[in-house]
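This report concerns only the one structure given below.
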Amino acid sequence: MGEEGELRVVLREYVYVQEEGEEDGELRLIIPEVLDSEYGMYVWPCALVLAQYIWFHRSVITGKRVLEVGSGVSLPGVLAAKCAANVILSDSAAMPQCLQNCSRSCRQNNLSGIPVIGLTWDFEDILVTVQFIMERNPKAEFWTTYQVRSEDWSIEALLHKWNFKCTNVPLKIFDADKECLAGSNLPGRHSIQMMIITLNLDNLD
């Protein structure tokens, strides 16, 4: 039956509604999720919040270069591409099935020519990668969401180490403070934070 038949893949729809007066009415995305437990390729609550931020700021990203790090099922990256950003998707080089799913998400949404690359990193390695990019593009921004699971964990030390500064973005200002986003109730009552990370230019020589 081929790859699609060998894996338990389900297609989930996410709907982004245009504001009154805008053309086309709404944008519908189809995101494939692999249900096999060893893969874990699902849309996570954080991805929905990040995608909502992208949708809310879609006019800003038109024509911009966007690298999604840890794409998985690629909801934010696919949405950015549909909003006319120049997108590159990436995930762990050690998990080729994740890279395959990135490509699968592109096919489901009629997107062609989007590069999918494998990277090797843990959380700090992500910040190293981001710093490498930002040193060459000082105006670049790293948009990220994370789900608060522990009161003991803080990103502050890593941000200081790699010369970043961080702006926390309240969810309510981009309509993400709801239990349901894009037709999905995944955000629920999870505690999710949205951050914009930039270089701390004040500390550069």
Exercise. Sort out which residues of the range 124-158 are over 23 Å from Ile61 (Cα atoms) and of a type in the set (S, T, N, Q), and write them in order of number.
Key: Gln147, Ser150, Ser154
Exercise. Restricting attention to the range 162-205, report how many residues are in a loop (DSSP other than H, G, I, E, B) and open to solvent by 20 Å² or more (accessible area, probe 1.4 Å).
Key: 18
Quiz item: Of all residues in the range 56-70 being open to solvent by 20 Å² or more (accessible area, probe 1.4 Å) and assigned to a helix (DSSP H, G or I), which is nearest to Leu111 (Cα to Cα)?
Solution: Arg58
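Does Leu159 satisfy the criteria of being open to solvent by less than 40 Å² (accessible area, probe 1.4 Å), farther than 18 Å from Tyr14 by Cβ, touching a residue at least 24 places away in the same chain (Cβ under 8 Å) and not small (Gly, Ala, Ser)?
Details: open to solvent by less than 40 Å² (accessible area, probe 1.4 Å): yes; farther than 18 Å from Tyr14 by Cβ: yes; touching a residue at least 24 places away in the same chain (Cβ under 8 Å): yes; not small (Gly, Ala, Ser): yes.
Here the answer is yes, as Leu159 does meet what is asked.
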Exercise. Give just the number: which of (1) open to solvent by 60 Å² or more (accessible area, probe 1.4 Å); (2) modelled with pLDDT of 95 or more does Ala94 not satisfy?
Key: (2)
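Considering only strands (runs of 3 or more DSSP E) fully contained in the range 76-156, which possess at least 2 residues that are touching a residue at least 12 places away in the same chain (Cβ under 8 Å) and of a type in the set (A, V, I, L, M)? I'd like the intermediate steps shown before the answer.
Numbers: elements: 86-92, 116-119, 142-147.
Passing ranges, in order: 86-92, 116-119.
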Quiz item: On the given criteria, is Val130 surrounded by 19 or more Cβ atoms within 10 Å (Cβ to Cβ) and in contact with a Pro (Cβ under 9 Å, 6 or more places away or on another chain)?
Solution: no
Self-check item: Members of the range 76-91 found to be under 22 Å from Phe123 (Cα atoms), open to solvent by 10 Å² or more (accessible area, probe 1.4 Å) and touching a Ser or Thr at 6+ places or on another chain (Cβ under 6 Å), listed by number
Solution: Asp91
Quiz item: If the Cβ limit is 7 Å and pairs must be 6+ apart or interchain, which residue in the range 49-66 that is within 13 Å of Lys82 (Cα to Cα) pairs with which residue that is at pLDDT below 95 and in a helix (DSSP H, G or I)?
Solution: none
Quiz item: Which one of Val73, Val49 is open to solvent by less than 20 Å² (accessible area, probe 1.4 Å) and in a loop (DSSP other than H, G, I, E, B)?
Solution: Val73
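The values are calculated or read from the model by the stated rules, or taken from the named source; none is laboratory data. All values derive from a computational prediction rather than experimental measurement. As a convention, Cβ positions derive from the backbone with ideal geometry for all residues, glycine included, and neighbour counts pool all protein chains shown. These area figures cover heavy atoms from the full protein model, side chains too; ligands, DNA and RNA do not enter into them. Shrake-Rupley method; radii C 1.70, N 1.55, O 1.52, S 1.80 Å.
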